[in-house]
Amino acid sequence: MIEFEWHLLETGHCLHPEISSRVGGSWRPCEFPAFVALLRYPQHGWVLFDTGYGQAFHDATRRMPESLYRRVTPVSWQPRQAAVAQLAARGIDPADVHNVILSHFHGDHIGGLNDFRSATIWCAQEGWNDLHQRSRLSALTAGLLPALAPTTNISRTRFFEHAPATRLPEELAPFSHGYDLFLDESMYAVPLPGHAAGHFGICFRSATRAKWVFLVGDAAWSSQAIRDNNPPPRWATALLGDTRAYRITLGALHSLAARRSDVMIIPSHCQSFRP
């Protein structure tokens, strides 16, 4: 059984009204940290789940209309918070990151992607197609910044849907199927539809904490939302994705959390995971 050493890294945060993340929230601006996960894969080195904010995000949002992204969700970020800088502080060279796994293509999840130019990029073909079929303005309204998408790494891009489909372990029910990324049942890419086109999470066994870790991206904005089965308001989910699918996904996460205390479910922006 393969188990992963893993760490959460905060790559800055944005401000947005609480009500955008859960029904009944206030209009008071709240901090939403942008987490990425750093994992050590015993056989194949370092893996990143998402890349958070980075210099490329700030470069891509300097001018109109993309600057509206930062006006709507003001971002607090320092160069030392970039994933590549935090890895360097741990003695990890960007070339040592062999795989980058993207939950989806929103700017706060891929802002540091091009700092890892030798990595294999894993993503959903559905999300890739959606990003590249949109106009600049259409992409922006969906939270996408095409300038951040892989360029020099295109030949190293792998799609989740092309990995072997498999049934998930019973511990992860009601989630029943996923994709075996490394062909050894060590890590599964799991469809989590609703938030954005081609939105995925990953599951893996932990070497140090809960038996299973489930990184769920933006399928929920907080652990509390999962426990309460409390989604964002319809206007928020409809703007970016599919409200019905989002609520079905959140309900499944709620069911899993209620049933299995040995599965740690981690949303990408949950304040409770800050150290």
If you go through P74, P65, P169, the only one that is out of contact with any helix residue (DSSP H, G or I) (no Cβ under 9 Å at 6 or more places or on another chain) and more than 24 Å from W6 (Cβ to Cβ) is P74
Result of the Cβ filter at 6 Å on the range 115-129, keeping first residues that are without any contact (Cβ under 8 Å) to a residue 60 or more places away in the chain and partners that are of a type outside the set (D, E, K, R) and part of a loop (DSSP other than H, G, I, E, B), at least 6 apart or interchain, is R117/T152; I121/P150; I121/N153
So, first residue closer than 7 Å to G194 by Cβ in the range 235-252, second residue among the acidic types (D, E) and surrounded by 18 or more Cβ atoms within 10 Å (Cβ to Cβ), Cβ within less than 7 Å, six or more apart or across chains; the pairs are none
When the range 128-175 is checked residue by residue, the ones that are in contact with a Leu (Cβ under 6 Å, 6 or more places away or on another chain), modelled with pLDDT of 95 or more and of a type outside the set (A, V, I, L, M) are F175
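Quick check: is even one residue across the range 156-170 part of a helix (DSSP H, G or I), free of Cβ contacts under 8 Å to residues at least 40 places away in the same chain and exposed (fewer than 13 other Cβ atoms within 10 Å of the Cβ)?
Scanning the range 156-170 turns up at least one residue that is part of a helix (DSSP H, G or I), free of Cβ contacts under 8 Å to residues at least 40 places away in the same chain and exposed (fewer than 13 other Cβ atoms within 10 Å of the Cβ).
Give the residue, chosen from F175, F214, that is under 18 Å from S261 (Cα atoms), assigned to a loop (DSSP other than H, G, I, E, B), in contact with a strand residue (DSSP E or B) (Cβ under 6 Å, 6 or more places away or on another chain) and of a type outside the set (S, T, N, Q).
Working: F214 fails: assigned to a loop (DSSP other than H, G, I, E, B).
The match here is F175.
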The residue from G107, G111 that alone is in contact with a helix residue (DSSP H, G or I) (Cβ under 6 Å, 6 or more places away or on another chain) and free of Cβ contacts under 8 Å to residues at least 60 places away in the same chain is G107
Subset of the range 18-60, residues more than 22 Å from E3 (Cα to Cα) and among the acidic types (D, E), comes to E18, E31, D59
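Picking from V36, V47, V84, V97, which residue would you name as being at pLDDT 95 or above, crowded, with 20+ Cβ neighbours inside 10 Å and touching a Pro at 6+ places or on another chain (Cβ under 9 Å)?
That would be V84, the only listed residue that is at pLDDT 95 or above, crowded, with 20+ Cβ neighbours inside 10 Å and touching a Pro at 6+ places or on another chain (Cβ under 9 Å).
Checking the structure you have, find out if any residue of the range 186-199 is farther than 26 Å from I121 by Cβ and touching a residue at least 60 places away in the same chain (Cβ under 8 Å).
Within the range 186-199, the first condition is being farther than 26 Å from I121 by Cβ, and the residues that meet it are none.
No, the range 186-199 contains no residue that is farther than 26 Å from I121 by Cβ and touching a residue at least 60 places away in the same chain (Cβ under 8 Å).
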(request) State yes or no: is A56 free of Cβ contacts under 8 Å to residues at least 24 places away in the same chain, part of a helix (DSSP H, G or I) and of a type outside the set (D, E)? (result) no
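When you go through A196, A219, A189 one by one, which is the residue that is part of a strand (DSSP E or B), under 30 Å from L239 (Cβ atoms) and in contact with a helix residue (DSSP H, G or I) (Cβ under 7 Å, 6 or more places away or on another chain)? Let's see the steps before the verdict.
Working: A196 fails: part of a strand (DSSP E or B); A219 fails: part of a strand (DSSP E or B).
Only one candidate passes the filter, namely A189.
With the structure loaded, tell me whether F204 is more than 18 Å from D242 (Cα to Cα), in a loop (DSSP other than H, G, I, E, B), touching a residue at least 60 places away in the same chain (Cβ under 8 Å) and of a type in the set (A, V, I, L, M, F, W, C) or whether it fails that test.
Working: more than 18 Å from D242 (Cα to Cα): yes; in a loop (DSSP other than H, G, I, E, B): no; touching a residue at least 60 places away in the same chain (Cβ under 8 Å): yes; of a type in the set (A, V, I, L, M, F, W, C): yes.
In short, no.
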Flagged in the range 47-64 as closer than 12 Å to L113 by Cα and among the small types (G, A, S), in numbering order, are G52, G54, A56
Here the residues within the range 84-124 that are more than 15 Å from L38 (Cα to Cα) and assigned to a helix (DSSP H, G or I) are G107, D108, N114
Among the residues of the range 62-79, is any modelled with pLDDT of 95 or more, more than 17 Å from the chain's Cα centre (by Cα), assigned to a helix (DSSP H, G or I) and not polar (S, T, N, Q)?
yes
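The values are calculated or read from the model by the stated rules, or taken from the named source; none is laboratory data. Nothing here was measured: the structure is a model prediction, and the numbers come from that model. Counting neighbours? That spans all protein chains shown, and the Cβs are built from the backbone with ideal geometry, glycine included.
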